[in-house]
Amino acid sequence: MHWIIPLGILIFFELIADTLAKKWSVENYPTWLAAGSLFAYLLANTSWLYALRQGSGLARGAVVFSVASAILATGIGLLLYREEVTMVQLAGILVGIVAIGLIFWE
């Protein structure tokens, strides 16, 4: 389970990158936001390489990353940008949480 730490770092930097990209798209495209977003994506994907090397596995690591990122990005969208989430989308998030549980079930 040594891969959890680099995967957590991946998720952290992915959220920073996504947040900066969203700000870039709504705040008249400041160049520093785009550059910051690209740099955060670079750090995120570097962490992904370490997670793979530490044994996350492509399938397991990708699912955990995707679901965790989606849940956290949804929270950021709701809190910071007042985006709306439908009941169907919330059901999808719940299915994602169940998927993570099943992936770790042994």
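The values are calculated or read from the model by the stated rules, or taken from the named source; none is laboratory data. What you see is a predicted model, and the numbers here were worked out from it, not measured in a lab. FYI the Cβ positions are ideal-geometry reconstructions off the backbone, even for glycines, and counts take in every protein chain you see. Just the protein is used for accessible areas: all its heavy atoms, side chains included, with ligands, DNA and RNA removed. Shrake-Rupley method; radii C 1.70, N 1.55, O 1.52, S 1.80 Å.
Here are a few things to note about the model shown:
- Solvent-accessible area per residue for the chain (1.4 angstrom probe, square angstrom): 66 Å²
- Förster-model FRET efficiency, 41 Å R0, A21 and W105, C-beta, rounded to 0.05: 0.75
- Surface composition of the stretch 28-97: carbon and sulfur make up 71 percent of the accessible area, probe 1.4 Å.
- A Förster radius of 30 Å combined with the Cβ-Cβ distance from L80 to I5 puts the calculated FRET efficiency at roughly 0.70.
- The chain: Cα Rg divided by the 2.2 N^0.38 Å rule of thumb: 1.15
- Estimated from the Cβ-Cβ distance and a Förster radius of 30 angstrom, the FRET efficiency linking L42 and Q89 is about 0.55.
- Helix-only arithmetic for the chain: the sum of -39500 (n - 2.57) across DSSP H runs with n ≥ 4, divided by the residue total, places the mean residue ellipticity at 222 nm at -29000 deg cm²/dmol.
- Among the trypsin sites (Lys or Arg not before Pro) found in the stretch 27-106, those both in a DSSP coil and sparsely packed, with 10 or fewer other Cβ atoms within 10 Å of their Cβ, are R82.
- Annotation for the stretch 25-106: chymotrypsin sites (Phe, Trp or Tyr not before Pro) lying in DSSP loop with at most 13 further Cβ atoms inside 10 Å of their Cβ are W105.
- Calculated over the stretch 46-91: convex hull of Cα atoms, volume per residue (Å³): 73 Å³
- Residue-level accessible surface for M1, protein heavy atoms, 1.4 Å, Å²: 140 Å²
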